[in-house]
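The values are calculated or read from the model by the stated rules, or taken from the named source; none is laboratory data. Fair warning: this is a prediction, and the values are worked out from it, not measured in the lab. Heads up, the Cβs are rebuilt from the backbone with ideal geometry, glycines too, and the neighbour counts pull from every protein chain shown.
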Amino acid sequence: MKRALILLAVALIAGVAAFCFTRSHKMAEQHGPLLDAMPELAWIRTDLKLSDAQFAKVSELHVAYRPQCMEMCDRISQAHEKVKAAARSSGSMTSELEAAIQEHAETHAQCQQAMLKHMYETAAVLDKEQAARYLETMLPFALDFAPAESGHTPSR
């Protein structure tokens with residue numbers, strides 16, 4: 001069962017990543033068939049056995065969250081690049097690098113808060129058991145801490 005949930009979560013991530021990639025390369029297209037297809041939601045309908053009404057509401061929430069998610073993905077990517085550029089150019093801790101690190105942390109926190117808010121809104125559409133399973137599957141992605149943040153040090 002746990003393996004199936006992991007596979008479903010990986011499929012969801014792949015779907016979201018594919019969506020982000022496609023979206024970023026096709027920004028000129030306005031609300032085309034991509035909004036109707038939503039393959040990234042197929043697992044939630046089948047695995048959680050959503051009713052048509054639940055799936056319609058979950059889909060509506062998902063579509064409404066997409067622009068915010070895309071904006072956050074872009075902002076995080078830009079913040080990553082600023083940190084990398086500042087770290088590579090200085091050779092030491094500079095005020096530019098400190099500012100880039102701070103901006104990255106703030107952007108990550110804003111993204112995490114938006115993602116958690118969206119997940120809780122989605123869970124509210126579901127019954128208690130469905131919501132518990134949904135959150136059990138999805139929260140690890142929103143709470144994904146880097147190894148350095150988890151207190152674990154990389155092995156040498």
In region 49-74, which residues are more than 21 Å from GLN113 (Cα to Cα), buried (at least 16 other Cβ atoms within 10 Å of the Cβ) and free of Cβ contacts under 8 Å to residues at least 40 places away in the same chain?
PHE55
Only one of these is closer than 30 Å to LEU41 by Cβ and either modelled with pLDDT of 95 or more or more than 20 Å from the chain's Cα centre (by Cα) (or both): ASP144, ASP127. Name it.
ASP127
Which numbered condition PHE55 fails, given (1) among the hydrophobic types (A, V, I, L, M, F, W, C); (2) within 17 Å of GLU40 (Cβ to Cβ); (3) in contact with a Ser or Thr (Cβ under 6 Å, 6 or more places away or on another chain)
(3)
